[in-house]
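Peer 1: Below is a structure I'd like to ask you about.
Just so it is clear, none of the values below were taken in a lab; they were calculated from the coordinates. On a predicted model such as this, the values are computed, not experimentally measured, just so you know. Ideal geometry is used to build each Cβ from the backbone, glycine not excepted, and the neighbour counts take in all protein chains shown.
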Ligand SMILES: Nc1ncnc2c1ncn2[C@@H]1O[C@H](COP(=O)(O)OP(=O)(O)OP(=O)(O)O)[C@@H](O)[C@H]1O
Ligand SMILES: [Mg+2]
């Protein structure tokens, strides 16, 4: 469960992106803190900077200004090699579009990142089977993505993100194209993982019902975190 150990701390995070001869102010100074074992939702209107913030936390990009600490280590000025190391060691990503490998079965898709881990902690097939079973897909191990429903594919993508037991899971609209029931199943799976492994989870979502199932919600409007309830415009 949530503790007081800080996993993510951002201070004054600004992201400016050049666009033609103008500059887009995607983030305008974000200060936030997320603790170990929390499930935190990030909501806000389209274009408010949610994916940009998640990408920076995950070391997929670096900020224009400000600092981002993961487990007390400042990643904001790291080079690509170090960022890759941090990502491999600590972070699981779930994106809206699953990016599963179409020619591989569910089991093989999940086992793959374990086979690629520098120091594998698990037997790939055994771990993949365990995770898929936990996510309700024990009877779909040999199915390829095209033989699975959208919700099932999303759960395979979650299992893959969890394959190497990352302490931090970052999800961008993980239920974006799922029906309510599949979305609830995904959220339940994330809570189970948190209970079992103490995983910290950050979820970007447009969906108020999903946000309600998190421990805490952060709201971004126009690149700034705001307090209080703000209507989310789709
Ligand atoms: N590569 C880029 N170059 C220029 N501007 C960009 C780039 N990527 C994002 N932006 C702009 O930065 C702002 C924040 O984008 P971001 O993708 O973080 O929004 P979001 O909150 O995730 O939106 P959505 O809910 O639609 O996914 C937007 O105004 C967007 O147009
Ligand atoms: Mg986005």
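Peer 1: Looking at 55, 72, which one is out of contact with any helix residue (DSSP H, G or I) (no Cβ under 9 Å at 6 or more places or on another chain), more than 16 Å from ligand 1 (Cβ to nearest atom) and under 22 Å from residue 30 (Cα atoms)?
Peer 2: Going through 55, 72 in turn, the sole match is 72.
Peer 1: A further question on this structure: In region 14-29, how many are away from ligand 2 (no atom under 16 Å from the Cβ) and free of Cβ contacts under 8 Å to residues at least 60 places away in the same chain?
Peer 2: 8
Peer 1: In region 188-222, which residues are under 26 Å from residue 30 (Cα atoms) and away from ligand 1 (no atom under 16 Å from the Cβ)?
Peer 2: Listed by number, the residues that qualify are 190, 194, 198, 199, 200, 201, 209, 212, 213, 214, 215, 216.
Peer 1: Looking at 76, 51, can you tell me which residue is touching a strand residue (DSSP E or B) at 6+ places or on another chain (Cβ under 6 Å), away from ligand 2 (no atom under 16 Å from the Cβ) and not in a strand (DSSP E or B)?
Peer 2: 76
Peer 1: Might you check whether a residue that is surrounded by fewer than 17 Cβ atoms within 10 Å (Cβ to Cβ) and under 17 Å from the mean Cα position of the chain (by Cα) occurs anywhere in region 49-57?
Peer 2: no
Peer 1: Exactly one condition in (1) in contact with a strand residue (DSSP E or B) (Cβ under 9 Å, 6 or more places away or on another chain); (2) assigned to a loop (DSSP other than H, G, I, E, B); (3) farther than 18 Å from residue 202 by Cβ is not met by residue 16; state its number.
Peer 2: If we test residue 16 against (1) in contact with a strand residue (DSSP E or B) (Cβ under 9 Å, 6 or more places away or on another chain); (2) assigned to a loop (DSSP other than H, G, I, E, B); (3) farther than 18 Å from residue 202 by Cβ, just (2) comes out false.
Peer 1: Which of the residues belonging to region 87-125 are without any contact (Cβ under 8 Å) to a residue 40 or more places away in the chain, in a helix (DSSP H, G or I) and touching a helix residue (DSSP H, G or I) at 6+ places or on another chain (Cβ under 9 Å)?
Peer 2: Result: 107, 108, 115, 116, 124, 125.
Peer 1: Would you check if there is a residue in region 57-73 being within 16 Å of ligand 2 (Cβ to nearest atom) and not in a loop (DSSP other than H, G, I, E, B)?
Peer 2: yes
Peer 1: Would you confirm whether or not region 185-201 contains a residue that is farther than 19 Å from residue 37 by Cβ and either crowded, with 17+ Cβ neighbours inside 10 Å or free of Cβ contacts under 8 Å to residues at least 24 places away in the same chain (or both)?
Peer 2: Yes, that holds for at least one residue.
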